[in-house]
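**Student:** Dropping a structure here in structure tokens format, bear with me for questions.
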Amino acid sequence: VPDPLPGFPDPPAIGTRGDLPRAVKTYLCARGGTPCSNGEIQRWLGTSSQSAINYAAKQLSQGDPKIQRAGDSPISWVFDGPPTHAGVPSFAPASAVSPSVKSPSDEEKAARARAAEQDEMRRRKIPLVTTVNRPDGAVYRTRQLADMPDVVALRALREGHLPVILDGPPGAGKTALVHAAFGDDVIMIAGDGDTNVSDFIGEYTTSEDRQYIWVKGPLVEAMETGKVLFIDDATLISPRVLACLYPAMEVPHEIVVKQHRREIVKPADSFYCIAGHNPGAPGAVLSEALQSRFRVPVHVPTEYDLAKAAGVDDRAVRVARNLATKMLHGEAGWAHQFRELLAYQEVRTLLGERAAVSLLVGQAPAEERDVVSAVIKNVFGIENVGPLELGRPV
Ligand SMILES: Nc1ncnc2c1ncn2[C@@H]1O[C@H](COP(=O)(O)OP(=O)(O)OP(=O)(O)O)[C@@H](O)[C@H]1O
Ligand SMILES: [Mg+2]
């Protein structure tokens, strides 16, 4: 149970790769000169396994000569330098915690933190939006962005004409966020390697009476009507094609439609561009030009609590979280994202739990299925689960 001294660094949340080594280093530096065991660091953090902490410390020691192994039993580490905090925090050893004093569970802590954040938003008169109905009827649960609901932040950035580029793994919620923030105002271009300039600007086509007619593209449409042009998977689009968009985003904010009588299109004031991409997608190229036009990069990681809130079986969420933690420590190469968990839940309703658990295995790339099965065995207690497949004649 952490009982740090005033001023002693608070344990940070461990979310993405690199968080744990950073946290371990913070602790060792705070205690500079004093050997600290993995268990002690774990009690400060309140989460993460001792082996994960050990692994992080070992990696730190390989890159930083000031971090050294200080003992074997228990395994401990030391920062060879002055402590950044003079006091020695006292952490009751886990075994010494009186069973009658129950520490708040992670969920209670999260609920309390959420209530405090909401109070702060009310105080700052920020609209406290927690859910939004998307145009397709689905409910979007808002997430924190810059200490406010994400949709509120994006709407403010639109007002300020600051283009955003969202990046994150598949299924983390990039597309959902844009639709939740801007609703019917969104005109979307789904980018891929074949997207070309006419997909933005427009093209001539033959009408029913065999006349050549000009059909405006989504960029021209969004500029004229003051809508939001959402370029999804923008990094799959060739940089040469994307360049047709940039004049619309730069002063004097106009484009010349060379393909159609050199028409000059000026955007309405509410016109806005926002892009999404997945840096890990094969063929994704984040050009400097794109990066410099979309001036506010926002990372969209998977938030497993959302899956729980959306009614996904807690155990499936645990499997995914567990794999995500393993990924941070290089022990797994893949974890279920939000979209896979939603599919799990639907299949569970339609075909039952065993089939849904098989789905969790089948969703993983073939080389990751052993790790996934091992985690499933731990969480569900079901052994030898394989992906869904047809069997003998019925
Ligand atoms: N905050 C949220 N509240 C409710 N549902 C969400 C939320 N975020 C994502 N979802 C749901 O999760 C699924 C995946 O989200 P989405 O399609 O937006 O992901 P994405 O990041 O755009 O993925 P991709 O890179 O594959 O396009 C969708 O069914 C979406 O409705
Ligand atoms: Mg998407």
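The values are calculated or read from the model by the stated rules, or taken from the named source; none is laboratory data. On a predicted model such as this, the values are computed, not experimentally measured, just so you know. Here Cβ is always computed from backbone atoms with ideal geometry, including for glycine, and neighbour counts include all displayed protein chains. Quick note on the areas: whole protein, heavy atoms, side chains included, nothing else; ligands and nucleic acids left out. Shrake-Rupley method; radii C 1.70, N 1.55, O 1.52, S 1.80 Å.
**Student:** Could you list all residues from the range 260-289 that are in contact (Cβ under 8 Å) with a residue 60 or more places away in the chain, open to solvent by less than 40 Å² (accessible area, probe 1.4 Å) and under 30 Å from Thr205 (Cα atoms)?
**Tutor:** If the condition is that a residue be in contact (Cβ under 8 Å) with a residue 60 or more places away in the chain, open to solvent by less than 40 Å² (accessible area, probe 1.4 Å) and under 30 Å from Thr205 (Cα atoms), then Tyr272, Cys273, Ile274, Ala275, Gly276 are the ones that fit.
**Student:** Does Glu346 satisfy the criteria of being in a helix (DSSP H, G or I) and surrounded by fewer than 16 Cβ atoms within 10 Å (Cβ to Cβ)?
**Tutor:** Values: in a helix (DSSP H, G or I): yes; surrounded by fewer than 16 Cβ atoms within 10 Å (Cβ to Cβ): yes.
Yes: the conditions hold for Glu346.
**Student:** Given the range 119-229, what strands (runs of 3 or more DSSP E) lie entirely inside it while holding 1 or more residues that are more than 10 Å from ligand 1 (Cβ to nearest atom) and not acidic (Asp, Glu)?
**Tutor:** 131-133, 164-167, 186-190, 202-206, 212-216
**Student:** Okay, moving on. Can you tell me which residues in the range 43-87 are open to solvent by 30 Å² or more (accessible area, probe 1.4 Å), in contact with a strand residue (DSSP E or B) (Cβ under 7 Å, 6 or more places away or on another chain) and not in a helix (DSSP H, G or I)?
**Tutor:** Lys66, Gln68, Arg69, Ala70, Pro74, Ile75, Asp80
**Student:** Here's another thing I want to ask about it. For Glu368, indicate whether it is farther than 19 Å from Asp313 by Cα and either open to solvent by 60 Å² or more (accessible area, probe 1.4 Å) or of a type in the set (Phe, Trp, Tyr) (or both).
**Tutor:** Answer is no for this residue.
**Student:** Sticking with this one: Would you say Lys227 is over 18 Å from Ala181 (Cα atoms), surrounded by 13 or more Cβ atoms within 10 Å (Cβ to Cβ) and of a type in the set (Lys, Arg)?
**Tutor:** In short, no.
**Student:** Within the range 236-252, how many residues are open to solvent by 40 Å² or more (accessible area, probe 1.4 Å), outside any loop (DSSP other than H, G, I, E, B) and either under 27 Å from Pro282 (Cα atoms) or among the acidic types (Asp, Glu) (or both)?
**Tutor:** Adding up the residues that qualify gives 3.
**Student:** Sort out which residues of the range 309-337 are under 19 Å from Ala176 (Cβ atoms) and open to solvent by 40 Å² or more (accessible area, probe 1.4 Å), and write them in order of number.
**Tutor:** Passing the criteria: Ala309, Ala310, Gly311.
**Student:** Moving on to the next point. Determine whether Lys308 is charged (D, E, K, R) and at pLDDT below 90.
**Tutor:** The answer is yes for Lys308.
**Student:** Please verify whether the range 136-152 includes one or more residues that are within 15 Å of ligand 2 (Cβ to nearest atom), surrounded by 18 or more Cβ atoms within 10 Å (Cβ to Cβ) and among the polar types (S, T, N, Q).
**Tutor:** Looking for residues that are within 15 Å of ligand 2 (Cβ to nearest atom), surrounded by 18 or more Cβ atoms within 10 Å (Cβ to Cβ) and among the polar types (S, T, N, Q), one finds none in the range 136-152, hence no.
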